[in-house]
1. Go through region 120-132 residue by residue and tally those that are surrounded by 15 or more Cβ atoms within 10 Å (Cβ to Cβ), aliphatic (A, V, I, L, M) and without any contact (Cβ under 8 Å) to a residue 60 or more places away in the chain.
2. Please report, ordered by residue number, the strands (runs of 3 or more DSSP E) entirely within region 1-65 with at least 3 residues that are surrounded by 19 or more Cβ atoms within 10 Å (Cβ to Cβ) and touching a residue at least 40 places away in the same chain (Cβ under 8 Å).
3. Does region 141-151 contain any residue that is exposed (fewer than 15 other Cβ atoms within 10 Å of the Cβ) and acidic (Asp, Glu)?
4. The conditions are (1) within 16 Å of LEU112 (Cβ to Cβ); (2) out of contact with any helix residue (DSSP H, G or I) (no Cβ under 7 Å at 6 or more places or on another chain); (3) modelled with pLDDT under 95, and GLN30 fails exactly one of them. Which is it?
5. Sort through ALA58, ALA134, ALA63 and tell me the only one that's over 30 Å from ALA149 (Cβ atoms) and within 13 Å of the chain's Cα centre (by Cα).
6. Of all residues in region 81-119, count the ones that are surrounded by fewer than 12 Cβ atoms within 10 Å (Cβ to Cβ), at pLDDT below 95 and among the aliphatic types (A, V, I, L, M).
7. Can you run down the residue pairs with Cβ atoms below 8 Å, 6 or more apart or on separate chains, where the first is in region 80-97 and in contact (Cβ under 8 Å) with a residue 12 or more places away in the chain and more than 12 Å from GLY136 (Cα to Cα) and the partner is loosely packed, with under 15 Cβ neighbours inside 10 Å and of a type in the set (Phe, Trp, Tyr)?
8. If you go through region 1-20 one residue at a time, how many are in contact with a Cys (Cβ under 8 Å, 6 or more places away or on another chain) and within 16 Å of GLY103 (Cα to Cα)?
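The values are calculated or read from the model by the stated rules, or taken from the named source; none is laboratory data. Bear in mind the structure is a predicted one, so any value in this text is a computation, not a measurement. Methodologically, a virtual Cβ is constructed for each residue, glycine included, from the backbone with ideal geometry; neighbour enumeration extends over all protein chains shown.
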Amino acid sequence: MTPFSSPGAYLPHRAPMILLEEVVAVSAEQATCRSRVSLQGVLAPFITQEKTLPGWYALELMAQTVGVWNGWHTQQREGCAPALGMILGARNLTTTHPFFNLGDCLDIQISLLMQDGRMASFDADIVIEGVCVAQGRINTYQPNDNELAYFFKEETTQ
C-alpha cells in the first residue's frame, strides 16, 4: 500500500481550516480520513469550553474527505494542485452525537455515488470505534477558473 501525504497536500485549505489529520485510504470510488478530538490536534481550535467538538462539524469533516478524494485523483491524473470545491448540499445528514468527546478517533469514510462532469454525490459516514455516529449524502460542485473568479471578485466602490 502506498503511503499518502498529509490531507493538506490534497486540499486547497491552510491551517487551521484543515480538519483532517491523516489520509487512511483512497481508491477509485472511496476515501477514508481520520482525525482525533484532541487539545493538541488539528481540531483543537474548534473544541468548546466544555472540551467537546460540536456534532455539526461532521459536515465539514465529510466534505474535506471528499476534497481529499478529489485532490488525490487530480494529482494522480493531472499533477495539478488541489482545487476549490463547493458543497451544494447535504441530504439526510444525521448524527447520533450532539458533540464528539476528547479522545474520540473519527474515521470519516466517503463513497462516490454519481459523478456527472463537475458535479458529484457521495455517501459519507463518521465512525468511532466501529460504530457509525454520523451519516449523510454530500452533493458537490467543482467550479472552473472563470466561475471562481466571478465568485471571488472584489466589490468595487462607486
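1. The number of residues fulfilling the criteria is 3.
2. Once the strands (runs of 3 or more DSSP E) in region 1-65 are filtered for at least 3 residues that are surrounded by 19 or more Cβ atoms within 10 Å (Cβ to Cβ) and touching a residue at least 40 places away in the same chain (Cβ under 8 Å), what remains is 30-36.
3. Checked region 141-151: at least one residue is exposed (fewer than 15 other Cβ atoms within 10 Å of the Cβ) and acidic (Asp, Glu).
4. Just one mismatch for GLN30, condition (3).
5. When all the criteria are applied, what remains is ALA58.
6. The number of residues fulfilling the criteria is 1.
7. Close Cβ pairs satisfying both conditions: GLY85/TYR141; MET86/TYR141; LEU88/TYR141.
8. 1
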